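Presented below is the structure to which this report refers.
The values are calculated or read from the model by the stated rules, or taken from the named source; none is laboratory data. If you're wondering where the values come from, they're calculated on a predicted model, not measured in any experiment. Positions of Cβ are backbone-derived with ideal geometry, glycine not excepted, and every protein chain shown enters the neighbour counts. Heads up: the accessible areas ignore ligands, DNA and RNA and are worked out on the full protein's heavy atoms, side chains in. Shrake-Rupley method; radii C 1.70, N 1.55, O 1.52, S 1.80 Å.
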Amino acid sequence: MTGAREIELATWSRAGQFNLFRTYDRPHFAATARVDITALMARGKPAGVSPYRAFIYAIGSGVHAVPALKMRFEGDRVLEYDAISLSATVPRPGDTFGYAYIPYFQDWAEFDASCKAIIDETAKGSDLGANTGQRSDVAYLSCLPWLDFTALDNALPGPDDCIPRFSWGKFIKNAEDRWNCAVAVQVHHALVDGLQVGQFFEAAQASLDRFGDNA
């Protein structure tokens, strides 16, 4: 597990929201918005960039740009992790999948090489690799390339699960030759508000746009 610092609740600006939403039976909320992937599809992909790995990287960039998305609580303790691993679903032959645990690196080339190796290894495995509570320094990622969804909800084990979920859907090309994709974010309201979700989308979009510059 990565390093973490404990948030001092007595001086934390969001202590009131934290205490309020911890009492809710359904404290999670989800938002779905579209991101522009024209740079990735028009320039990055022809240059050899994997759109799947690029999306994992962009989500990781968004998570690490927003401190609230790196926070987790254990009872009344709130921790902010230095780094978050990206737990993505990896398809396997047939109709099964496994969970990969991918460390985030800011450098794209370093991240891409590591991500590819971990995904390839996970695809060949048989163990599900589910996180059953042994670690919280993760974010959950899933890809639904069959659906251009407009909203998405996730299975949650209970109201104290504070690990954020990120999903992206089918890539869509419009009449103006622009590409876009739906991205859903599900978070625990005790830690994250709409402001932070907006900040995530801004950082993830900036990361996707850079694939046009680097191609």
Please verify whether ALA33 is touching a residue at least 40 places away in the same chain (Cβ under 8 Å), within 30 Å of ALA10 (Cα to Cα) and open to solvent by 30 Å² or more (accessible area, probe 1.4 Å), treating the condition exactly as stated. no
Mind checking which residues of region 69-83 are at pLDDT 95 or above and either in contact with a Pro (Cβ under 9 Å, 6 or more places away or on another chain) or open to solvent by 10 Å² or more (accessible area, probe 1.4 Å) (or both)? LEU69, LYS70, MET71, PHE73, ARG77, LEU79, GLU80, ASP82, ALA83
Just give me the residues in region 160-185 being assigned to a loop (DSSP other than H, G, I, E, B) and touching a strand residue (DSSP E or B) at 6+ places or on another chain (Cβ under 8 Å), in sequence order. ASP160, ASP161, CYS162, ILE163, PRO164, GLY169, LYS170, PHE171, ASN174, ARG178
For region 178-196, the count of residues that are in contact (Cβ under 8 Å) with a residue 40 or more places away in the chain and either open to solvent by 10 Å² or more (accessible area, probe 1.4 Å) or polar (S, T, N, Q) (or both) equals 8
Within the group ALA58, ALA83, ALA54, which residue is in contact (Cβ under 8 Å) with a residue 40 or more places away in the chain, under 25 Å from ALA117 (Cα atoms) and part of a loop (DSSP other than H, G, I, E, B)? ALA83
Among the listed residues TYR57, TYR52, which satisfies the condition of being modelled with pLDDT of 95 or more and open to solvent by 50 Å² or more (accessible area, probe 1.4 Å)? TYR52
Mind listing whichever residues of region 92-127 are at pLDDT below 90 and either surrounded by 11 or more Cβ atoms within 10 Å (Cβ to Cβ) or under 22 Å from ALA204 (Cα atoms) (or both)? GLY125
When VAL49 is evaluated against the numbered criteria (1) within 22 Å of ILE163 (Cα to Cα); (2) in contact with a Phe, Trp or Tyr (Cβ under 6 Å, 6 or more places away or on another chain), which criterion, by number, is the only one it fails? (1)
